[in-house]
Amino acid sequence: MSWRKSSNLAWLRDLPGVREGEPLGTRTSFGIGGPAEFFMEAANPQSIELALEGCRLRGIPYLLLGAGTNLLIADAGIEGLVVRVVNRDYEVEGTRIRAAAGLKMMRLARIAADANLRGFEFAIGVPGTVGGAVYQNAGCWGKELREVLVEARGFQPGADRRTWSAQDLAFGYRTSALRAGPLRGSLVIDATIKLERGDGEESKRLMTRLTNERSQTQPIKTKNCGSVFMNPSGDSAGRLIQAAGLKGARQGAAVISQLHGNFIVNEGGAKAADVSALIDRARSEVMRRFGIELEREVELVGKW
Ligand SMILES: Cc1cc2nc3c(=O)[nH]c(=O)nc-3n(C[C@H](O)[C@H](O)[C@H](O)COP(=O)(O)OP(=O)(O)OC[C@H]3O[C@@H](n4cnc5c(N)ncnc54)[C@H](O)[C@@H]3O)c2cc1C
């Protein structure tokens, strides 16, 4: 039976600050995506927990949204409730920082440098939030969140456990128990990282250098979602896509970047269906030419 009973719709309409039919395109780095059937934004973890628990009890589908930098949202939008997590508090204590899920990784990298802590400079390359980064063990320049994460606090609808160790989170290359394991559907509330004492000015110089280098090789100022595919073991997805002759391949206003084969750029007005068609084309062409199966890093969500 569909979850769309009048009592469920009435419950959704009563959620604090909820909006119906909220466009999501402006809430993703791709600039693409249809509307959320119901949408709320919350900084207070308790109100998010109540909403998620209510959805679970009523069988209403939901999606947590961070900065929308790793999502391709369907043109037809998302059914059920979308909750945008915007708590951005943080607390520095010695060499540890506890950061709320809605804080941007780039901001946290600067906070760490300001506190003369080193080991988090890599996060300057991750435009998403702490919550999204825990979800998929974000990483850059050979470093990953799991190397510095001590624990994360969260909420799993229907369960009591509140604190997850790095082991509970079962991190892998761009994945965790939240993305592909027993914690699916759980909310990350905050994460604690442990760094080393360092020189903030040195960290800032390193971050500037890394950002400059990156802007030479990746179209980071365009509308995109970062890497479309994970790198297959021992190779790079960008190299394979380039070798398949697909740089510059186009579908509508979506194009495989000339600068980096693993980026798809929305030149303005691209549809999710255009991007998805390019993803399928890159996958099948790389498989046909090299026998290598590319796995998506970007997540497709919504009504496809
Ligand atoms: C230009 C560019 C460069 C990038 N470079 C990198 C890079 O170098 N390395 C890298 O790893 N990634 C990179 N990315 C991808 C992206 O920034 C990361 O995947 C990031 O971790 C996604 O975070 P987000 O807040 O945007 O999550 P979203 O895209 O909003 O969501 C992604 C997933 O995380 C889940 N999620 C979000 N918040 C929470 C929460 N609080 N609790 C539970 N689940 C949650 C969502 O439900 C969704 O399933 C890049 C993206 C862009 C646009």
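How much of the accessible area of the chain, probe 1.4 Å, is carbon plus sulfur, in whole percent?
Of all accessible area on the chain, carbon and sulfur atoms account for 47 percent.
Calculate the all-directions average of the projected area of the stretch 90-217's alpha-carbon convex hull, and give it in nm².
Dividing the Cα hull surface by four gives the mean projection, 7.4 nm².
Stick to Cα atoms and the Kirkwood definition of Rh, then tell me Rg/Rh for the stretch 162-304.
1.03
Find the percent of Cα-Cα distances in the stretch 237-301 that exceed 17 Å, and round it to a whole number.
Tail of the P(r) past 17 Å holds 34 percent of the pairs.
Compute the Rg to Rh ratio over the stretch 1-113 from the alpha carbon atoms, using the Kirkwood formula for Rh, and round to two decimal places.
We get a ratio of 1.04 for the stretch 1-113.
Do any of Lys5/Lys104; Lys223/Lys303; Lys221/Lys271; Lys104/Lys303 go past 29 Å between their Cα atoms, and which?
Over 29 Å Cα-Cα: Lys5/Lys104.
Gap in Å between the Cα centre of the stretch 1-68 and the Cα centre of the stretch 72-146?
Rounded to whole Å, the Cα centres lie 21 Å apart.
Using amide H atoms built 1.01 Å from N in the peptide plane, name the residues 5+ places from Tyr62, or on other chains, whose amide H lies under 5 Å from its own.
Those qualifying (amide H under 5 Å, at least 5 residues apart or on another chain) are Leu81.
Give, rounded to the nearest 20 debye, the magnitude of the charge dipole that the stretch 25-168 has about its Cα centre when Lys and Arg contribute +1 at Cβ and Asp and Glu contribute -1 at Cβ.
Using only the charged Cβ atoms, the result is roughly 220 debye.
Rounded to the nearest 0.05, what FRET efficiency do Tyr173 and Ser2 have when you use their Cβ-Cβ distance and R0 = 41 Å?
The formula returns an efficiency of 0.65 here.
Quick one: P(r) of the chain from all Cα-Cα pairs, 20 Å bins, percents rounded to integers, in order of increasing distance.
Per 20 Å bin, starting at zero, the Cα-Cα P(r) for the chain comes out as 32, 58, 10 percent.
For the chain, report the accessible area per residue in Å² (1.4 Å probe, heavy atoms, rounded to an integer).
Result: 46 Å² per residue.
The values are calculated or read from the model by the stated rules, or taken from the named source; none is laboratory data. Everything quoted here is computed from the prediction, not taken from an experiment. Cβ coordinates were reconstructed from backbone atoms using ideal geometry, including for glycine residues, and neighbour counts include every protein chain displayed. Side chains included, ligands, DNA and RNA excluded: accessible areas come from the protein's heavy atoms. Shrake-Rupley method; radii C 1.70, N 1.55, O 1.52, S 1.80 Å.
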